[in-house]
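K.L.:
Structure incoming, see below.
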Amino acid sequence: MERALYGPDGFYVRHRPGRHFRTSSQSVTFASAIARLVARVDAALGAPSTVDVVDVGAGEGTLLRNLVAALPDGLRERVRPHAVELDDPVIPDGIVGVLLAMEWLDNVPLDLSCDGVYLNDGAPLSTQDAAWIDRWWPAPAPGQIVEIGRTRDEAWAAAVAKLSAGLALAVDYGHLSGTRPAHTTLAAFRDGREVGVVFDGSADVTCHVSMDSAGEAGGTPYRIERQREALKGLGVDGGRPPLDLARSDPSGYVRALAACSEAGTLLDPDGLGGHWWLTHEVGIRLSE
Ligand SMILES: C[S@@+](CC[C@H](N)C(=O)[O-])C[C@H]1O[C@@H](n2cnc3c(N)ncnc32)[C@H](O)[C@@H]1O
């Protein structure tokens, strides 16, 4: 998985992710909601002179660009956006503001195991991986594939440790203890479609994220909720615009209708709305 994604011929070395799949980050409605979240964090921090917004695995930077544009005057000038990507994968120290990781963790390579050995080479499990399985995916059925989330936990813990004060938010598809998948979620995508899993760098290879183990690794307290609920809490509702608007402002009505359909996609419980939001508040308390 490491070689397929990040090796010399790896998928992310050769391809622009935005061309291959649709994520929440590409939506203007989503960016506006994250801008409102940044404003809440700013208020909780007491409106400091600079507010960092660091996006780890930022892709082409679409979310950062759209969210800066959506910030209110007075905050926009104080925000320092920072995209972390493979060409310079160092997350800055001492972040005061918001740390974002949108569909990053599902691309952090992981090992699979089956019946107590690694699936790829049959070697016995390391002590750390065996301990991770005991804690987070206990007693797998014979023949069941376990997706060992330890590497994601460590990546997330290291990222959250860079936050001095503010909010860390990871958004991803994943699962929690008690509802681990019976079959592997390892999947590959190319040109917007799911394809057979190949490790030759021609497709994005991804695997769902164990969100609760990542939460515990990132430090307590943490909160996990569905994107649908989180976005509703930030004012994304997906309600249709009033029909009267079609008569008084036809083009405004069409714009509102488009926004409503975008919100519907973000809130869809069987799609992006079913993704998980994992948050850690560091040195702040956000009001409910
Ligand atoms: C699925 S894409 C998500 C892109 C974007 N956040 C979005 O939601 O559309 C995952 C991104 O993480 C980046 N990535 C993977 N490992 C990384 C690392 N260690 N540091 C920074 N970026 C990384 C990849 O290059 C890729 O652009």
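Every number here is computed from the coordinates shown, using simple stated rules; none is lab data. The model shown is predicted, which means the values in this text are computed figures rather than measured ones. Please note: Cβ atoms are built from the backbone with ideal geometry, for glycine as well, and neighbour counts cover all protein chains shown.
K.L.:
Given H placed on each backbone N at 1.01 Å, which residues far from THR184 in sequence or on other chains put an amide H within less than 5 Å of it?
P.N.:
The list, which skips near neighbours in sequence, is ILE145.
K.L.:
Another question about this same structure. For q values of 0.11, 0.19, 0.24, 0.27 Å⁻¹, compute log₁₀ I(q)/I(0) with the Debye formula on a Cα-only model of segment 133-210, without solvent.
P.N.:
Once normalised to I(0) and log-transformed, intensities are -0.39, -0.97, -1.17, -1.26.
K.L.:
Mind putting a number on the dipole of the chain about its Cα centre? Charges go on the C-beta only, +1 for Lys and Arg and -1 for Asp and Glu, and I need it in Debye to the nearest 20.
P.N.:
820 debye
K.L.:
Loop only per DSSP, at most 14 neighbouring Cβ atoms within 10 Å: give me the trypsin sites (Lys or Arg not before Pro) in segment 1-99, ordered by residue number.
P.N.:
ARG22
K.L.:
Taking θ as phi - 60°, what are the ³J(HN,Hα) couplings along segment 113-119 by the Karplus curve (6.51, -1.76, 1.60), each to the nearest whole Hz, with x for Gly and Pro?
P.N.:
10, 8, 6, x, 10, 5, 5
K.L.:
Shifting gears a bit: Taking the alpha-carbon set of the chain, what are its Rg and Dmax in Å?
P.N.:
When restricted to Cα atoms, the chain yields Rg and Dmax of 19.9, 69 Å.
K.L.:
List the residues whose amide H sits under 5 Å from the amide H of MET102, counting only those 5 or more places along or on another chain, with H placed 1.01 Å from N in the peptide plane.
P.N.:
VAL56, VAL171
K.L.:
Using the Karplus equation 6.51 cos²θ - 1.76 cosθ + 1.60 (θ = phi - 60°), what ³J(HN,Hα) coupling, rounded to whole Hz, does each residue of segment 32-48 give in order, writing x for Gly and Pro?
P.N.:
Computed from phi, the couplings for segment 32-48 are 5, 5, 5, 4, 5, 5, 4, 5, 5, 5, 4, 5, 5, 7, x, 6, x Hz.
K.L.:
Per the helix-only calculation at 222 nm, which mean residue ellipticity applies to the chain, given -39500 (n - 2.57) for every DSSP H run of n ≥ 4 and division by its residues, nearest 500 deg cm²/dmol?
P.N.:
The helix contribution divided over the chain gives -9500 deg cm²/dmol.
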